[in-house]
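Just below is one structure, and these are the notes that go with it.
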Amino acid sequence: MQAPTDIFAKHLPVRVVLLTGPMGSGKSCAARSFQQLGVPVSEADLLARAIHQDPQHPVMEQIAQELPQLLTEDGCLRRGSLRTVLTHDAYANRRLLCLLKPHVLAAIRQWTVQQTAPYVIWETALLPDEPGGFMYDSALLVHADPQIRLRRVRQHNPDWTETDITQVFNMQATLDQYREYADAEIINQGSIMELEQAVLQQHLTFMSHWSTQ
């Protein structure tokens with residue numbers, strides 16, 4: 001287990017596990033398994049969606065000024081923009097991340113300070129050193145072979161082509177980059193039952209470290 005990555009993390013009331021990995025790796029399934037074990041989970045994607053689908057949120061005015069091509073007439077982020085715009089515009093993708101991430105982190109922090117469990121899960125595909133930084137006590141990597149990940153993404157996004165998905169994959173960190181930060185990893189290429197068993201083992205490890213601290 002590593003030391004918290006910044007001063008804020010040292011003052012959080014609970015331990016934080018960063019659950020990370022590339023698209024299609026099964027992070028959400030792993031997160032649900034942790035939830036079934038009673039572990040609070042915060043999903044960065046859901047928090048980001050709540051922000052960019054709220055035209056009244058303060059950051060949306062800045063996005064409108066810098067990246068108007070990503071917004072609908074109502075001032076929300078255009079659905080499908082990840083596939084239709086951001087995969088072809090590295091600057092827009094990076095800039096959108098820079099604008100949203102501080103607000104997502106603030107929402108995660110606000111949620112975290114309200115928790116009383118020995119530890120919580122923050123689910124995200126981002127790396128800790130990307131703009132804004134993450135604060136965590138341990139990082140758990142979930143991953144699978146690219147072809148398995150591609151098949152999973154196609155199942156959830158039937159209108160995406162293989163080219164669309166591959167472009168999104170190429171925008172994300174490599175497996176080696178994820179592994180630089182991971183304290184443990186789950187290879188999620190089997191059944192749901194196998195994933196649940198792997199999550200249980202990680203949960204028991206975390207509890208043995210933190211339940212009495």
Of the residues in the range 15-36 that are buried (at least 17 other Cβ atoms within 10 Å of the Cβ) and of a type in the set (A, V, I, L, M, F, W, C), the one that is farthest from Pro146 (Cα to Cα) is Val16
Residue count, the range 93-130, condition assigned to a loop (DSSP other than H, G, I, E, B), of a type in the set (Ser, Thr, Tyr) and at pLDDT 90 or above, comes to 1
When Val41 is run through (1) over 15 Å from the mean Cα position of the chain (by Cα); (2) crowded, with 17+ Cβ neighbours inside 10 Å; (3) within 23 Å of Tyr178 (Cα to Cα), the failure sits at (1)
In the range 127-144, is there at least one residue being closer than 20 Å to Leu46 by Cβ and in contact with a Gly (Cβ under 9 Å, 6 or more places away or on another chain)? yes
(1) at pLDDT below 95; (2) of a type outside the set (Gly, Ala, Ser); (3) in a loop (DSSP other than H, G, I, E, B) all hold for Val16 apart from (3)
Does the range 73-86 contain any residue that is assigned to a loop (DSSP other than H, G, I, E, B), at pLDDT below 90 and among the small types (Gly, Ala, Ser)? yes
Screening Arg154, Arg149, Arg179, Arg109 for residues that are surrounded by fewer than 18 Cβ atoms within 10 Å (Cβ to Cβ), of a type in the set (D, E, K, R) and farther than 30 Å from Pro13 by Cα leaves only Arg154
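To keep it simple, each residue is scored yes or no on (1) among the β-branched types (Val, Ile, Thr); (2) under 30 Å from Gly80 (Cβ atoms).
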{"position": "Gln110", "(1), (2)": "no, yes"}
{"position": "Pro118", "(1), (2)": "no, no"}
{"position": "Val142", "(1), (2)": "yes, yes"}
{"position": "Asp145", "(1), (2)": "no, yes"}
{"position": "Arg154", "(1), (2)": "no, yes"}
{"position": "Asn157", "(1), (2)": "no, yes"}
{"position": "Ala173", "(1), (2)": "no, yes"}
{"position": "Arg179", "(1), (2)": "no, no"}
{"position": "Gln189", "(1), (2)": "no, yes"}
Does Gln53 satisfy the condition of being surrounded by 14 or more Cβ atoms within 10 Å (Cβ to Cβ), over 16 Å from the mean Cα position of the chain (by Cα), modelled with pLDDT of 85 or more and of a type in the set (S, T, N, Q)? yes
Heads up, the helices (runs of 4 or more DSSP H) in the range 131-189 (entirely inside) with at least 3 residues that are more than 17 Å from the chain's Cα centre (by Cα) and in contact (Cβ under 8 Å) with a residue 12 or more places away in the chain are 146-156, 162-171
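The values are calculated or read from the model by the stated rules, or taken from the named source; none is laboratory data. Keep in mind it's a predicted model, so treat the numbers as computed, not measured. We place every Cβ from the backbone using ideal geometry, glycine too, and count neighbours over all the protein chains shown.
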